[in-house]
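Novice: Before anything else, here's the structure in question.
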Amino acid sequence: MATCSVGNKFRIQSNGTAEITANNDTKDACTAARILERLHTDFTKSTSNTDPTNNDQADGKLPTFWLRNQTGINNFDSGTGSTNRFYNIFIKETSKDQKYRTAVHAIMNGVYNDAISVEAYLNKPATTQTDLTNPDNFKGINGLINLNNVLENLITEKVRTKTGTSTKIDILDDAQHYSKRQEIKTTLEEIARRENEIYREKFLNIILVIIGLVFIGTLLSKKFYSGGGGGGGGGGSGLFGNTFTGVGLGSSSGIFSRFGGLGLGRSGRSRLSGLFSSNPYSLSTR
């Protein structure tokens, strides 16, 4: 695949109908669009299902050969019907099996290797692309990741050139900071929501305690003011009635009976009134 030149046509969306003519500002975008289209094909197309062990055939290096249901191959997966290689390999086999390591290496790097070792099957390509001058080197999942990194750098450089700033504008860091701020905002909102729940629970507990105290107080008052539930009523009978019967009732019984009540009983009134009947300090004459 060749890089785009000025005048080449490309589309941003795969289902778009409007074509864009590449110029000096958009030719990198044109090349990137071509790489993405080719990667999409590598991951989705139906292969011709030739023997992947034959180095002249390219099917084995395509991720779609391992990911999509394809027609089986007699001398490879023992069949000519539709075969789910992904299930058969990744469920039934492990990294100890050669076919497993070969499949992973092909999906990640777009390279078929039927002798890849346990130590090397997860390795990234030795050469990392820093620009779009070699479109064919972007293969597999690692190629897609590499393409994304190259495009981010190109966007940053394009913004720097257009704005004329002398220092590099790190758009990626700004985006990362925005993402972190969003995460912090979400965390704070979750903390606030949980605190509200806790406060509501505490308030409910306080209400329940108050209701319980009122209920218990009502039962106790009925118990004691009714004389323990036996009789009660008139004359101030019961626990409190018998104890304080001299208070305001004028009775001769109770705690204050010996002192004539508190000045409200019969003897209490006479004694209390007698104190002021012959006041020695009175100015009146007899």
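Derivation of every value follows stated rules applied to the coordinates shown; laboratory data play no part. Note that the structure is predicted; figures quoted are calculated from it, not measured. As a convention, Cβ positions derive from the backbone with ideal geometry for all residues, glycine included, and neighbour counts pool all protein chains shown.
Novice: To the nearest 0.05, what FRET efficiency results for residue 21 and residue 111 with a Förster distance of 30 Å applied to their C-beta separation?
Specialist: FRET efficiency, residue 21 to residue 111: 0.30.
Novice: For the stretch 1-104, take the alpha-carbon Rg, divide it by the Kirkwood Rh, and send me Rg/Rh.
Specialist: In the stretch 1-104, Rg relative to Rh is 1.13.
Novice: Between residue 159 and residue 225, what is the label-to-label distance in nm when each label sits 7 Å out along the Cα-to-Cβ direction?
Specialist: Taking the simple label geometry, residue 159 and residue 225 are separated by 7.7 nm.
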